[in-house]
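Structure, as structure tokens:
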Amino acid sequence: MSAKILDGKALAARLQTEMAEQVQTWIPQVGRPPGLAVLRVGEDPASAAYVRGKERACERVGMASFGQHFSAEAPPSQLLDTILRLNQDERVDGILVQLPLPPGWDPIPPLLAIEPDKDVDGLHPMNLGRLLRGEPGLQSCTPLGVMRLLQTEGIPLSGKQAVVVGRSILVGKPLSLMLLAADATVTLAHSRTPDLADVTRRADIVVMAVGKPNLLSADMVKPGAVVIDVGINRTLTPDGSSQLVGDVCYEEVKEVAAAITPVPGGVGPMTVTMLLHNTLESYRLRNR
Ligand code: GUN
């Protein structure tokens, strides 16, 4: 039997339509739209494309965009000064520094400089600490998107075995904590985990977030498991054209799993949607 396809693109579109309506009801009360500042450094083409996507989504739901771009040769103090100014700017509810920064740029000082209540990426130690303690706070967008997708699809988490493969600060680590908060039994596996198949085969829910094309094959998945693919890898097809693939052998795993996210159209559209969600939350809290 073929798996249910978890359509993140459709859910993202629905949530964005709802948010656009909420923004329109709030603007007359607050006197301004929610505002998001996405800061980008250097010329990484993938980062430029992601940032364009974020700004377009922002406009689509009626939020204001305060993005800035810095040359990789600019002094890092320029980025820090901008963050400090945006922290004080009443029109701005969310600030995000697009990662990775160019070689030679330390991401820690800018991430620490962002006011925690405007940290819509959830990467400030204050927000990571709140997540660790199970307290309310802004949380990372990709893991939040995965949780929202699982919850909307009615996939039970309490008491289930969840295996997250990949220990990044953007996805694997925060997602493990969110699954734990939802009462799953969580295993966080990574590149040094011996016999990964033995670990993933025990999982009721497998999340792949390593950035290795086709790492999870059908024989590594328990029949009936839910498979979430966070990987976004650009590969070349035999005819030389470029193709986006996840970390999962999609065609074979979907014959074993009960439910699966496609790439593209699964987790990806949920990430930017959760960025808008966080910005709207920050705006609401600021204007209660
Ligand atoms: N680069 C890739 N994903 C992300 C993300 O979620 N946030 C930031 N700041 N940079 C990224």
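The values are calculated or read from the model by the stated rules, or taken from the named source; none is laboratory data. Computed from a predicted structure; not experimentally measured. Note: ideal-geometry Cβ built from the backbone for every residue, glycine included; neighbour counts use all protein chains shown.
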Residue within region 165-179 that is among the β-branched types (V, I, T) and part of a loop (DSSP other than H, G, I, E, B) present: yes
Expected single match for surrounded by 13 or more Cβ atoms within 10 Å (Cβ to Cβ) and away from the ligand (no atom under 16 Å from the Cβ) among D89, D121 is D89
Identify all residues within region 206-244 that are under 17 Å from the mean Cα position of the chain (by Cα), of a type in the set (V, I, T) and outside any loop (DSSP other than H, G, I, E, B); write none if there are none. V206, V207, V227, I228
Write out, first by first residue and then by second, each pair whose Cβ atoms fall under 6 Å of each other, whose residues are 6+ apart or on separate chains, and whose first residue, in region 85-104, is in contact (Cβ under 8 Å) with a residue 40 or more places away in the chain while the second is within 16 Å of the ligand (Cβ to nearest atom) and of a type in the set (K, R). G94/K118; I95/K118; Q98/R40
Positions within region 64-91 being farther than 24 Å from R32 by Cα and either assigned to a loop (DSSP other than H, G, I, E, B) or β-branched (V, I, T) (or both), in sequence order: S71, A72, E73, A74, P75
Cβ pairs under 7 Å, 6+ apart, first in region 139-166 and over 19 Å from P269 (Cα atoms), second within 13 Å of the ligand (Cβ to nearest atom) and not aromatic (F, W, Y): V164/G172; V164/L175; V164/A209; V165/A209; G166/G172; G166/A209
Residues that are in contact (Cβ under 8 Å) with a residue 40 or more places away in the chain and more than 18 Å from K54 (Cβ to Cβ), drawn from region 12-23: Q22
Condition first: of a type in the set (A, V, I, L, M) and within 16 Å of the ligand (Cβ to nearest atom). Now tell me which residues in region 127-163 satisfy that. L128, L131, L138, L144, V146, M147, L149
How many residues, within region 1-55, are buried (at least 18 other Cβ atoms within 10 Å of the Cβ), hydrophobic (A, V, I, L, M, F, W, C) and in a loop (DSSP other than H, G, I, E, B)? 2
Just one of the numbered conditions (1) β-branched (V, I, T); (2) modelled with pLDDT of 95 or more; (3) more than 30 Å from L138 (Cα to Cα) is not true of V263; which one? (3)
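With respect to R288, is the statement that it is outside the structural domain of P194 (by TED's automatic domain parsing) and modelled with pLDDT under 95 true?
Numbers: outside the structural domain of P194 (by TED's automatic domain parsing): yes; modelled with pLDDT under 95: yes.
Here the answer is yes, as R288 does meet what is asked.
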What are the residues in region 251-288 that are more than 15 Å from the chain's Cα centre (by Cα), among the aliphatic types (A, V, I, L, M) and more than 20 Å from G154 (Cα to Cα), if any? V253, L280, L285
